[in-house]
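The block underneath contains the structure these notes are about, expressed in structure tokens.
The values are calculated or read from the model by the stated rules, or taken from the named source; none is laboratory data. What you see is a predicted model; the values in this text were computed from it and never measured. When we count neighbours, we look across all protein chains shown, and the Cβ atoms used for this are built from the backbone with ideal geometry, even at glycine. When the accessible area is computed, the model is the full protein with side chains, heavy atoms only, and any ligands, DNA or RNA have been set aside. Shrake-Rupley method; radii C 1.70, N 1.55, O 1.52, S 1.80 Å.
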Amino acid sequence: MEKYIEKLKLSAKPAELSELTVNKENETLQAENPLVVCCITLGKEPHLGHLFLLAIAEQTKSALGGDLPVILINNNMGPRAAGAVVSLAEAWGLNLAEAVELMRAGTFPVSEVVERYRKRSEDVANIRTVNELIRSSGVDVFSVVAQETEQALKQAGFGVEIASEAELQLVSGDKVHKLNSMWSGSGFLPFVQGGRVVTIQKSGELTATGALFVATQTLIDATMADLAVLVDDKAEVGDTAFVLSEKEGQERGVQIFGAGVSFTGKIASGTRGEAMTIKKILGEFGKHRPAEKLKRATVYLTLTKPMLREENMLSKRGHIFDFVNNEEVITALVESADACDLFEEQIAEEMENLATKVGEKTVVKNKKTQKFANHLAHKATALRTGEPARVLAESKRVVDGVRQNYYFNTLKGMLKFMTDLDTISKDDFVQVGLMIECCLTRLGL
């Protein structure tokens, strides 16, 4: 991410937004350079729920065929981050500026930063002072947690890069005032489109939506992305996606569901230590299987494990994966790693079997399979070209409690098609091979 930030810093002028768009053409969704974004406050170590969130982000990135890494925005601004700095300053006898600088430099261990975040101060005056110090310098007061997290994710096989919200805001320039020039400078800034109102700024401060919009738009400018997919259930994420799409400009914003974790029906967060941290999960998983397989195992689990059903009231709070405890999670991840390996072995075996059926023409066993065979070349071309609208639409569907994935469903359909064949032509055999290869690549397994 550093190279993109440096590119922005060297720009003579940050990219500006055009005036508010009244109408926007309803066109087919294109995604030549998609960007997938998640947001986590790294005042504490990310935990199990975040692992599933990032796995969903990774499978989304792979499904869209993007070259950009998944970007994890470190939410290191606002009263909670500032409160952690104040708490640390008080505990160590430092003035506020010293505490900000030492936290930026990663002087304190992760355990101390997490402790201060959990015991963050509520001193309004000091919080305001720290907020201004962070805003004016763009420092990451959670840098030590961010560094540890990025390293753990890399060891687990993730291609995630962490970006500092404070730094993104510092280099962004003014990305909000032209969203609605009528309110510019008033301290209150609404974005109004199609009867929907989204508050970007209130009392001179960015709202949660405004802050996420600025960070995401800055990333879009730096990477030249044409589609930003925001992975999270929160309302402000949906509002941000709406503003990104409805403002003037070519890029689009889309929200897809994140993930949560519960233990026997109770939300398991990292705040009180109920959910194991990603770093600890990596260590425990690594005792049974190679650590770098953790990403594949987690992605496969999110593709196959049912979530809490609609009749469970907890499911109304988000897309929840339920376990008995942390130990069951590790067991499930190990089993998922093995199931993923077996799934790929099954595909290889089916392709070998299919090779024995190659003949002069494709002959199928039922009419439904015949229809699929008749359009095989067209389906193969569309699949390899990429279908972002279908990919994103499918990712929002839940069937029998399981989140859907366009390429996973296609792959399962291909396996059924292969078993229904009596013979297959050489050309169709090649098309099947290309489709399976595409699906495996787009799944990120």
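A few comments on the model shown:
- DSSP bridge orientation in the chain - percent antiparallel, rounded to nearest 5: 35 percent
- Unit charges at the beta carbon, dipole of the chain: most positive-side option, THR199, GLY43, GLY65: THR199
- Cα centroid of segment 80-148 to Cα centroid of segment 329-345, whole Å: 40 Å
- Partners of LYS266 within straight-line reach, counting lysines whose Cα lies under 16 Å from its Cα and excluding those fewer than 8 residues away in the same chain: LYS316.
- Dividing the summed -39500 (n - 2.57) terms of all DSSP H runs of n ≥ 4 by the residue count of the chain sets its mean residue ellipticity at 222 nm at -16000 deg cm²/dmol.
- Computed in the context of the full set of protein chains, the accessible area of segment 34-260 at 1.4 Å probe radius has 49% of its extent on carbon or sulfur.
- Cα shape, segment 216-273, gyration tensor, a/c 1.5 rule: prolate
- Each Lys and Arg adds +1 at its Cβ and each Asp and Glu adds -1 at its Cβ; summed about the Cα centre, the chain shows a dipole of about 760 debye.
- Here segment 34-260 is treated with +1 on each Lys and Arg Cβ and -1 on each Asp and Glu Cβ, and its dipole about the Cα centre works out to around 380 debye.
- ³J(HN,Hα) computed for each position of segment 176-183 - Karplus, 6.51 cos²θ - 1.76 cosθ + 1.60, integer Hz, glycine/proline x: 10, 5, 7, 5, 7, 4, 4, 9
- Spatial separation of Cα centroids for segment 38-61 and segment 354-428, in angstrom: 31 Å
- Separation of the alpha carbons by more than 26 angstrom is noted, of LYS234/LYS412; LYS61/LYS396; LYS295/LYS412; LYS44/LYS178; LYS154/LYS175; LYS293/LYS357, for LYS234/LYS412; LYS44/LYS178; LYS154/LYS175; LYS293/LYS357.
- Prolate/oblate/rounded call for segment 191-341, Cα gyration tensor, a/c under 1.5 rounded: prolate
- Basic side chains Lys and Arg get +1 at the Cβ, acidic Asp and Glu get -1 at the Cβ, and with that the dipole of segment 85-126 about its Cα centre reaches some 160 debye.
- With at most 13 other Cβ atoms within 10 Å, longest stretch of the chain clear of loop trypsin sites (Lys or Arg not before Pro) (DSSP): 120-271
- Gyration tensor (alpha-carbon) shape descriptor, segment 34-260, a/c threshold 1.5: oblate
- A 1.4 Å probe run over the protein chains yields, for the chain, 46 Å² of accessible area per residue, whole-number rounding.
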